[in-house]
Structures are given as C-alpha cells and as structure tokens.
Amino acid sequence: MTLTVLAPAKINLTLEILGTRADGFHELRSVMQAISLHDSLTFEDAPGEGIIVMGGSPDAPPDESNLVYRAAKALSEQSAGEFGARIALRKRIPVGAGLGGGSSDAAATLVALNKLWRLGLPKHRLMEIGASLGSDVPFFLTGGTAMAEGRGEVVTEIEQPAPIWIVVVWPGLKLATPQVYRRYDEEVVNFPGKDNLTAQMVLALAGSSLEGIGLHLHNDLEPAAFALATPVRLAKERLLDAAVVAASMSGSGSSVFGLVRDEAHANLIADRMRPAGYWMSVCQTVCLPFEGEI
Ligand code: C5P
C-alpha cells in the first residue's frame, strides 16, 4: 500500500517573542498560516526493511538527520513490531527559509505512517511526538490558521480567513534559527509583546479586510535576521517598493512574503520582482485538510 501526502509550507502572520525560558527556548506568540507551496511525500509500507528515505535535496539530504527519518523512527518506537517504510521526499519548499518545510514533512510522516502502520495513535499523542521533533511540527498536525504559543508547540486553531494570495520571496541564503534567536538576545533590551499584536491579528483575520490583516503583520525576529543578512531586508524592501499590500519575514527568515489583492496582482508583483533574480512562489493561504492530506 502507498500513500502520497502534500506537506504545505507556512508563513508567520505575527511572531512575538515574550521572553526566554529555562529550557533555552523563547516563549512565543504567533499566528501561523499554511500556504499552498508544498513538498510531496510518498510512503510505501516495507515491513522488516527499516526506514528508507529517498529524494530530498542537497540542503535536506535523505539521511538519518532528515526530520522525515526522525519522525518515522520516533513513531516506530511507539509500538513493538517490524515496521518499515520506503519514503520518497520531493522538496519544493526552500530549506533554512523560515517556511517550516522540514517540520511539515515530519508532521506528514507522522500522520501517514500512523495510518499505513495501523498504529491508531490519537492526535494528542502525535502532537507530543511532533513537539519532541521540533517546535513547529504540532502546527502542521493542525494546519490551516492557528495561534502558536509556548515555544510554538501549543497550538490553538483559529477561524480560517478567506484564501489570501501571497508572493513568497527567498533571497537564496539560509538562516539558522538558533543563530537568529541568539542575535535577537544580543540586541533585545526588554521584551515587547505587551500590545498582544497576535490577538489584534486574530481580530483582523475575523474582519477579513486584507488591509487590516496587512496592518497587523509583525515579526520580532526581523531586526536580528536583517542584521545577519542584508539581502533579507532588501527582499522585503523590494516587495514593498513593488506595491504589495503589506510584507513581512516568515519565522526566523530568510524568506519574506507580500500580501496581495488577487492572482493578477500576485503575478504583477512577481513580474516586478523578477529582475532581482529571487526564488519566488505565487501561492495562496490554505485550509486543512489540504489537497492530498490524509
Ligand atoms: O524547535 P526547533 O528545532 O525548531 O528550534 C530550533 C532552535 O531555534 C532551538 O534550538 C532554539 O535555538 C531556537 N528556538 C527558540 N525558541 C523557540 C523556538 C526555537 O529559541 N520558541
């Protein structure tokens, strides 16, 4: 039996850092949104063969470091048995771009193998295993639009806005999440977050006005990422110059995104950005279950 799953990327409509934690992570508040840009994974049951990952990319090689492998391994340890799977990973989501590709691949793996191996683990158990793999994995088990708190693993679904067109721009360099957080810590004087910009975004999403949503885009990690990599700042500035409704960085970077009015506006922005030579994706926000999602 084989299963194919599309694993969506995400953007952060807000990302507020509320403080540091005893475990070394940062306390967050964020609105996360799944988008139609996706990786694809095909799972084939292979009892007794162990876990074999194929495909991937130079930045996400199909070895034991890949979150797909680690998710499959963690799941196989939940129950005695000669579990095995052949997993083909087709990457489209840039790696080290703040788009959550590895986390989404891991979440897709947990859901697909839970089904293929007939483990019957409930969602809260998958959420726990997901959180042990990475802070963003639980979001992808919920998907759509959600608020993430804690270190990112406490996920509350919020009502889906109507689909929004976006242009994702990746300046072609990777940013390591721990490095961006370290830079943030070096520069922060006191933690913001008092205005609860995330709560304001949740209200703006319910209002469904694109301008209202755009007004509340916010990412506390932008100054740190911009200080580490000028091309990220330039990419955001170029999106604003190209006349998107609003723009922000996703996660810890290095990608940025612009909100646009419709598909024609998205294509116009992409045309205006093309001379800069960026990797780009014209896509939409998505609800889950996403196409191909199980
Ligand atoms: O959980 P994840 O593997 O995505 O985290 C990668 C790194 O990002 C952590 O080791 C930590 O340095 C940083 N991080 C953080 N606070 C968070 C999430 C991530 O400091 N809430």
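Past the 22 angstrom mark, what percentage of all C-alpha to C-alpha distances in the chain do you count?
Working: 24387 of 43071 pairs.
When every Cα pair of the chain is considered, 57 percent fall beyond 22 Å.
Among 247-257, 140-150, 60-70, what's the highest-first ranking by average C-beta atoms within 10 angstrom per residue?
Working: 247-257: 27.5, 140-150: 21.5, 60-70: 18.0.
Top to bottom by mean Cβ count within 10 Å: 247-257, 140-150, 60-70.
With θ set to phi - 60°, apply the Karplus curve 6.51 cos²θ - 1.76 cosθ + 1.60 along segment 75-80 and write out the HN-Hα couplings as whole Hz, x wherever there is a Gly or Pro.
5, 5, 7, 6, 7, 6
Strictly greater than 21 Å: what percent of every Cα pair in segment 158-262 meets that? Walk me through the numbers on the way to the answer.
Numbers: 2149 of 5460 pairs.
In whole percent, the long-distance tail amounts to 39.
Quick one: which residues, 5 or more positions from residue 18 or on another chain, have an amide H under 5 Å from its amide H? H modelled 1.01 Å from N in the peptide plane, none for Pro or chain starts.
27, 28, 29
With the crude spin-label approximation of a point 7 Å out along Cα→Cβ, what separation in nm comes out for residue 159 versus residue 20?
4.0
How would you order 28-40, 161-173 from highest to lowest mean count of nearby Cβ atoms within 10 Å?
On the way: 28-40: 24.3, 161-173: 20.9.
Peptide ranking by packing, descending: 28-40, 161-173.
May I have the convex hull volume per residue, in Å³, for the Cα set of segment 10-84? Spell out each step's value before the answer.
Details: hull volume 11.4 nm³, N = 75.
Dividing the Cα hull volume of segment 10-84 by its residues yields 152 Å³.
Cross-link list 10/123; 115/236; 10/73: which exceed 31 angstrom alpha carbon to alpha carbon?
On the way: 10/123 20 Å; 115/236 41 Å; 10/73 24 Å.
Where the Cα-Cα span goes over 31 Å, the pairs concerned are 115/236.
May I ask you to list the trypsin sites (Lys or Arg not before Pro) in segment 146-206 that are in a DSSP loop and have at most 10 other Cβ atoms within 10 Å of their Cβ? Mind showing how you got there, number by number?
Values: sites: 151, 174, 182, 183, 194; in loops: 151, 174, 194.
Qualifying residues, ordered by number: 194.
From the phi angles alone, apply the Karplus equation (6.51, -1.76, 1.60; θ = phi - 60°) to segment 147-156 and give each ³J(HN,Hα) in whole Hz, x where the residue is Gly or Pro.
9, 10, 10, x, 8, x, 8, 9, 10, 10
From Cα pairs below 8 angstrom and at least 6 apart in sequence, can you work out the relative contact order of segment 66-120, rounded to a whole percent? Show your work: numbers first, answer last.
On the way: 29 pairs, mean separation 29.9, N = 55.
For segment 66-120, the relative contact order is 54 percent.
Throughout, read-outs are computed from the coordinates displayed, never taken from laboratory work. Please read all numbers here as calculations on a predicted model, not as lab measurements. Here Cβ is always computed from backbone atoms with ideal geometry, including for glycine, and neighbour counts include all displayed protein chains.
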